[in-house]
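Below you'll find the structure, written out as structure tokens, and then a few comments.
The values are calculated or read from the model by the stated rules, or taken from the named source; none is laboratory data. Remember, predicted model here, so these are calculated numbers, not experimental data. Counting neighbours? That spans all protein chains shown, and the Cβs are built from the backbone with ideal geometry, glycine included. For the accessible areas, the whole protein counts, side chains as well, though only heavy atoms, and no ligand, DNA or RNA atoms are used. Shrake-Rupley method; radii C 1.70, N 1.55, O 1.52, S 1.80 Å.
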Amino acid sequence: MSTEKQVKVALVSCGSEYAGVQGELEKVTSSVNAKLVFPEIDIASLDTIGRDFGIEAASPDLRLMMARAQAVVEGIADVDGVFITSCFRCAEAAIVRNEVRRYINKHSNIPVISYSFTERTTAATLMTRMEALTTIARRKHLLAREKQTGLTAGIDSGSTTTKAVIMRDDKIIGQGWVPTIKVIDSATEAFNRALEEAGVKAEDIQAIGTTGYGRFLVGEHFKAQLVQEEITVNSKGAVYLANKQKGSATVIDIGGMDNKAISVEDGIPGMFTMGGICAGASGRFLDMTAKRLGVDITELGALAVKGMQEKVDMNSYCIVFGIQSLVNSLAKGSRPEDVAAAACHSVVEQIFEQQLQEVDVKEPLILVGGSSLIEGVPKALSSLLKIDVLVPPNSHLIGAVGSALLASGFVEG
Amino acid sequence: MAKVIIYPINSLILSDLVERFGHKPLAMMEKIKEKVNTVGVDSPPLNITAEEPKMGLKYAAVEVPAGVRGRMAIVGPMIDEAEAAIIVNEASMAFGCMGCARTNELTKYLIRQKEIPILEVEYPRSEEEGKEFVYKIAEFLRSLSTEERS
């Protein structure tokens, strides 16, 4: 990565310098070979920016934020990416931050991430987001790849499961899916299963890509050519598997621990958010629901489709409260199918409330990740958003497929 | 007849002016009346339930406080519906007031983003300014009728 060009990221904030997090912001940007810059503005514009931009914010630092965004859009500041950030819990900043993000996205092609911080925000929290931002800015040529070539492997070391695929000439020829226990051991097992199914040897693999929580460790172990965060890889894998590589799409990835909503244009992520407060909107919650209902996780979806979520009050904002609601409703005599439906509805409702405001939902809406295999989840999402939800084949393998696809960019070189 | 959204959103004077020129004012009072008169009051006095802040998510992110989103659930659809707008800046409280500065900022911003005829005027502070103020609004409202005819 050190041979690659340093990425200039505009810091569009209302005073992160005062919040005790500036050091962490500098740390995370330098770790991905990027540099934070403050867009230059004309000081006189601060008096008029409220009217010019449209929000007459009371806080002068928020006016500065809008002026900096304007400088980015007008090209006065020459930057490759934008990081918009403000304090968590500031209502005025939440309004301005959201509109500034939309404004930059509408008027430029510069990738943007948005985040609200507390004094406890660390570089590690922001790592995946910043890595994705710089990847989009730096590796657009790689992300533009639409076909897999040669013989490549992809390993997705997720928080709950590890997935591996072997691809040859644009086809999946082997796959492995195992629970994540020890990161390297699980990755080796998934990889070996995929190799066995494909009927090829590890030494024949021309390039390997890794992603997911354990990507660095697994990438180092397998000497991977591509070690990449899951936002760019998963969105690539999703549009590839759904055969929607051209034009707009929205990808929702409900993983084991967290979830992502990504707005994609020609296979390249534009805006994205990562969420999953207290694991309430995650595969883990559905897994626990299945256990409490005494069914296998693979049977939960079919059960949910038969139920009516309206009959059960479920609060899965936090996984603990969610399970509490579940136990209470069963104790009151609710039917298991209604509880299963309520659990699926609760997961998608949280994604809708917490994340989908941050990305502009454009059809097709592609749902991926292990939870997409639980039929009740796409059904609940479709009825909540009132649009068709597309679940591509092998939707649980998107990370591994995206890695194998992008890794093939290293075969020809 | 054009649907004209007014700001301050509950200004009786603006609402009356719009009506006098044959247009339909989009104002808070009517929406609140609808809410209050709905049979089965779940959440008195305004009958705004936990559903409204959720509906307000269309206009403001989840981090924006529930009170702003609850107000936006009422104001937002009026902005969507508007075909013209009159914004009075720095108005006296008695002229009309939403009560929430954040909602006011967002409301004005969303109106300004719409590609519709918008008149922005300052609140008058003298009799002379008052006459000018009414004249400008009257001209604007007349121009909407002319646009419709042409």
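From the residues in the stretch A:103-114 that are assigned to a helix (DSSP H, G or I) and modelled with pLDDT under 90, which one is farthest from the other protein chains (Cβ to nearest Cβ)? Only one residue tops the list, namely A:N105. Scanning the stretch A:168-176 for residues that are touching a residue at least 24 places away in the same chain (Cβ under 8 Å) and acidic (D, E) turns up nothing. With respect to the conditions (1) open to solvent by 10 Å² or more (accessible area, probe 1.4 Å); (2) more than 19 Å from A:L373 (Cβ to Cβ), A:P269 lacks only one, and its number is (1). Of A:K201, A:K260, A:K236, A:K182, all but one fail to be under 23 Å from A:V391 (Cα atoms) and not assigned by TED's automatic domain parsing to the domain that holds A:I366; the exception is A:K236. Set side by side, the residues A:V348, A:V368, A:V361 differ, and just one is of a type in the set (A, V, I, L, M, F, W, C), in contact with a strand residue (DSSP E or B) (Cβ under 7 Å, 6 or more places away or on another chain), within 14 Å of another protein chain (Cβ to nearest Cβ) and within 28 Å of A:R102 (Cβ to Cβ), which is A:V361. Among the residues making up the stretch A:343-366, those that are more than 17 Å from A:R284 (Cβ to Cβ) and either among the aliphatic types (A, V, I, L, M) or touching a His at 6+ places or on another chain (Cβ under 6 Å) (or both) are A:L356, A:V359, A:V361, A:L365, A:I366.
When the strands (runs of 3 or more DSSP E) confined to the stretch A:139-211 are screened for residues that are open to solvent by 10 Å² or more (accessible area, probe 1.4 Å), those reaching at least 2 such residues are found at A:151-157, A:161-168, A:171-179.
Look at the stretch A:30-56: where a residue is away from chain B (no Cβ under 14 Å) and a partner is loosely packed, with under 13 Cβ neighbours inside 10 Å, sitting 6+ places away or on another chain with Cβ atoms under 6 Å, you get A:N33/A:M1. For the stretch B:36-52, the set of residues classified as surrounded by 12 or more Cβ atoms within 10 Å (Cβ to Cβ) and within 14 Å of chain A (Cβ to nearest Cβ) consists of B:E51, B:E52, listed by residue number.
In the stretch A:79-96, of all residues being under 21 Å from the mean Cα position of the chain (by Cα) and more than 8 Å from every other protein chain (Cβ to nearest Cβ), the one that is farthest from A:K8 (Cα to Cα) corresponds to A:S86. If you go through the stretch A:355-389 and keep only what is without any contact (Cβ under 8 Å) to a residue 60 or more places away in the chain and not basic (K, R), you end up with A:P378, A:S382, A:S383, A:L384, A:L385, A:I387, A:D388, A:V389. Summed over the stretch B:91-103, the residues that are facing chain A (nearest Cβ under 10 Å) and either open to solvent by 30 Å² or more (accessible area, probe 1.4 Å) or not in a helix (DSSP H, G or I) (or both) give a count of 3.
Yes or no: A:V411 closer than 30 Å to A:D169 by Cβ and over 23 Å from the mean Cα position of the chain (by Cα)? Considered against the rule, which asks whether it is closer than 30 Å to A:D169 by Cβ and over 23 Å from the mean Cα position of the chain (by Cα), A:V411 comes out as yes. Scoring B:M55 on the criteria (1) open to solvent by 80 Å² or more (accessible area, probe 1.4 Å); (2) more than 14 Å from chain A (Cβ to nearest Cβ) leaves a single failure, condition (2). Here the condition is being in contact with a Phe, Trp or Tyr (Cβ under 9 Å, 6 or more places away or on another chain) and outside any helix (DSSP H, G or I); of B:A85, B:A73, B:A60, it holds for B:A85 alone.
Could you list, in sequence order, all residues of the stretch B:58-89 that are more than 10 Å from chain A (Cβ to nearest Cβ), among the charged types (D, E, K, R) and surrounded by fewer than 17 Cβ atoms within 10 Å (Cβ to Cβ)? Residues satisfying the conditions are B:D80, B:E81. The combined condition, being outside any helix (DSSP H, G or I) and in the same structural domain as A:L126 (by TED's automatic domain parsing), is fulfilled by A:L36. Taking A:V100, is it of a type outside the set (G, A, S), open to solvent by less than 10 Å² (accessible area, probe 1.4 Å), assigned to a helix (DSSP H, G or I) and within 12 Å of chain B (Cβ to nearest Cβ)? Yes. Do we have any residue at all in the stretch A:287-301 that's open to solvent by 30 Å² or more (accessible area, probe 1.4 Å) and within 14 Å of another protein chain (Cβ to nearest Cβ)? For the stretch A:287-301, residues open to solvent by 30 Å² or more (accessible area, probe 1.4 Å) and within 14 Å of another protein chain (Cβ to nearest Cβ): absent.
Here B:K108 meets the list (1) under 23 Å from B:A66 (Cα atoms); (2) basic (K, R); (3) without any contact (Cβ under 8 Å) to a residue 40 or more places away in the chain almost entirely, failing just condition (3).
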